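Structure, as structure tokens:
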Amino acid sequence: MSSPFSMNLFTVFALLLLGSSYAQLSTDFYSCSCPNVFSAVRSTVKCAIARERRIGASLLRLHFHDCFVNGCDGSVLLDDRGSFIGEKNAVPNNGSARGFEVVDNIKSAVERVCPGIVSCADVLTIAARDSVVIDTQLGGPTWNVKLGRRDARTASQLAANTSIPPPFFNLTNLISNFQAQGLSVRDLVALSGTHTIGQARCTSFRDRIYNETNNIDETFARTRQRNCPRTSPTGDNNLAPLDRQTPTSFDNKYYKNLISKRGLLHSDQQLFSGGSTDSLVRLYSNNPSIFNADLVAAMIKMGDIRPLTGSNGEIRRNCRRTN
Ligand code: HEM
Ligand SMILES: *[C@@H]1O[C@H](CO)[C@@H](O)[C@H](O)[C@H]1NC(C)=O
Ligand SMILES: *[C@@H]1O[C@H](CO)[C@@H](O)[C@H](O)[C@H]1NC(C)=O
Ligand SMILES: *[C@@H]1O[C@H](CO)[C@@H](O)[C@H](O)[C@H]1NC(C)=O
Ligand SMILES: *[C@@H]1O[C@H](CO)[C@@H](O)[C@H](O)[C@H]1NC(C)=O
């Protein structure tokens, strides 16, 4: 027997399931089919970071560039091949996205323990989490990742050109870019805190260190100019740390840099330039545990962007090409 009340509940539940495309992701998705996936990913990421300190940052950014282009579906990992055009040469990735060989190594390690089970999109999600955790001192953030994504058979260079925010965006642009992905202003400020690790090329911050006057510390600008010549293409690929203080440690110093006008990218400094996000930057700079909690919530939310689930997509064997 079903009262109108229980009918109603059932309907609401069914609608929720249908309406939210990520309802099928879960933290225990591989607990029977591949219980060793976490140790396989973690040990490979650990070795890669031991080999090259920066690689954790690069893996974390790949997950972001995957999720912002038609959802977290491993599309960023597909190579250009014949007439197939992937996302690797799109503007935000070309000459910049890195870590693909490490993703191959992680995927191989996972295939050895459970062949054909774990998607490349999930491998990247776990690797991004592990990168944060390995770069973090005691007391930093960690979280259980939601899994069950499947891999796209398609990619979109156009969407990669237009969906990933460029470093010249102002605060209004950044807020609407994140909003278009279902991410809030708070998510924007917390996720930007991942710029506590990793490096940027001179081309990404040249205009800021030569042309901005109001919102940049003068000594900082001059220091950065020394390794980033004014005229392109000279020095275009010279690197500088996104966090000048602790570039290999995942902490909240990024926000302290913003308060002292030493954000490297124009987009970084936009978060603290007299606008609506100043108060969040202050909050995170004073309160690492609130930053950690918000970062975790925002990373999970980013990982939930429009995944392929059920029988959509496939489980790629090689992350560089469709099966
Ligand atoms: C808010 C908008 C964002 C903009 C405009 C932006 C822009 C950039 C740019 C221009 C670089 C340097 C690329 C280069 O010069 O080669 C970079 C690096 C990086 N970004 Fe972002 N980013 C944003 C958000 C994010 C998010 C949401 C994440 C991750 C959740 C992220 C993670 C990283 C990391 C870890 C690096 C360093 C990568 C490495 O060293 O290989 N960024 N970002
Ligand atoms: C990617 O960068 C290379 C080297 O700078 C360049 O030759 C190529 O035209 C770029 N690709 C696209 C699609 O812009
Ligand atoms: C992406 O942008 C690059 C550089 O502007 C351009 O060469 C390429 O054709 C664009 N891709 C698409 C699919 O529009
Ligand atoms: C931000 O940039 C857009 C163009 O992309 C411009 O229309 C807008 O006026 C800018 N907003 C501010 C506050 O400068
Ligand atoms: C700075 O602004 C000038 C004048 O608008 C422009 O010509 C130049 O390309 C900009 N960038 C740098 C790095 O000087």
If the only charges are +1 at each Lys and Arg Cβ and -1 at each Asp and Glu Cβ, what is the size of the charge dipole of the chain around the Cα centre, to the nearest 20 debye? 580
In square angstrom, rounded to the nearest 10, how much accessible surface does residue 31 have for a 1.4 Å probe? 70
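Rounded if a/c is under 1.5, else prolate if a/b beats b/c, else oblate: with a ≥ b ≥ c from the C-alpha gyration tensor eigenvalues square-rooted, which is region 28-96?
Oblate shape, in that a/c is at least 1.5 and b/c is the bigger or equal ratio.
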Take the chain, connect every pair of alpha-carbon atoms lying under 10 Å apart with a spring to form a Gaussian network, then pick out the residue of 248, 213, 162 with the largest mean-square fluctuation. 213
Rounded to whole Å², per residue accessible area for region 26-164 with a 1.4 Å probe reads 40
Leaving out ligands, DNA and RNA, what percent of the accessible area of region 112-250 is carbon and sulfur, probe 1.4 Å? 48
Viscosity 0.890 mPa s, 25 °C: Kirkwood-radius Stokes-Einstein D of region 167-323 over Cα pairs, µm²/s: 145
Select from 77, 295, 283 the residue whose mean-square fluctuation is largest in a Gaussian network model of the chain (Cα-Cα springs shorter than 10 Å). 283
Relative contact order (percent) for region 161-272, with alpha-carbon contacts under 8 angstrom and 6 or more residues of separation? 36
So what is the relative contact order for region 26-164, in percent, with contacts set as C-alpha pairs under 8 Å and at least six apart? 40
Hey, what's the Cα Rg ratio for region 26-164 versus the globular rule of thumb, 2.2 N^0.38 Å? 1.02
Choice from 145, 113, 189 with maximal GNM fluctuation in the chain (Cα, 10 Å cutoff): 113
Measure up 46/261; 107/253; 88/301; 88/253; 146/261; 146/256 against 28 Å on the Cα-Cα distance and list the ones that go over. 46/261; 107/253; 88/253; 146/261; 146/256
Karplus 3J(HN,Hα) series, Hz, for region 309-315 with 6.51 cos²θ - 1.76 cosθ + 1.60 (x for Gly, Pro): 9, x, 9, 6, x, 8, 9
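Please give me the summed charge of the neighbours of residue 140: other residues whose Cβ is under 15 Å from its Cβ, Lys and Arg +1, Asp and Glu -1.
Working: positive: 129, 253; negative: 130, 135, 243, 251, 294.
Here the charged neighbours net out to -3.
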In region 125-223, the chymotrypsin sites (Phe, Trp or Tyr not before Pro) that sit in a DSSP loop and have at most 14 other Cβ atoms within 10 Å of their own Cβ are 168
The convex hull of the Cα atoms of the chain, divided by residue count, gives a volume in Å³ per residue of 159
Gained length - residue 27 relative to residue 223, 0.36 nm times residue gap less alpha-carbon distance: 66.1 nm
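The values are calculated or read from the model by the stated rules, or taken from the named source; none is laboratory data. Bear in mind that the values here come from a model prediction, so they are computed numbers and not experimental data. As a convention, Cβ positions derive from the backbone with ideal geometry for all residues, glycine included, and neighbour counts pool all protein chains shown. Just so you know, the surface numbers come from the protein's heavy atoms only, side chains and all, with ligands and any DNA or RNA stripped out. Shrake-Rupley method; radii C 1.70, N 1.55, O 1.52, S 1.80 Å.
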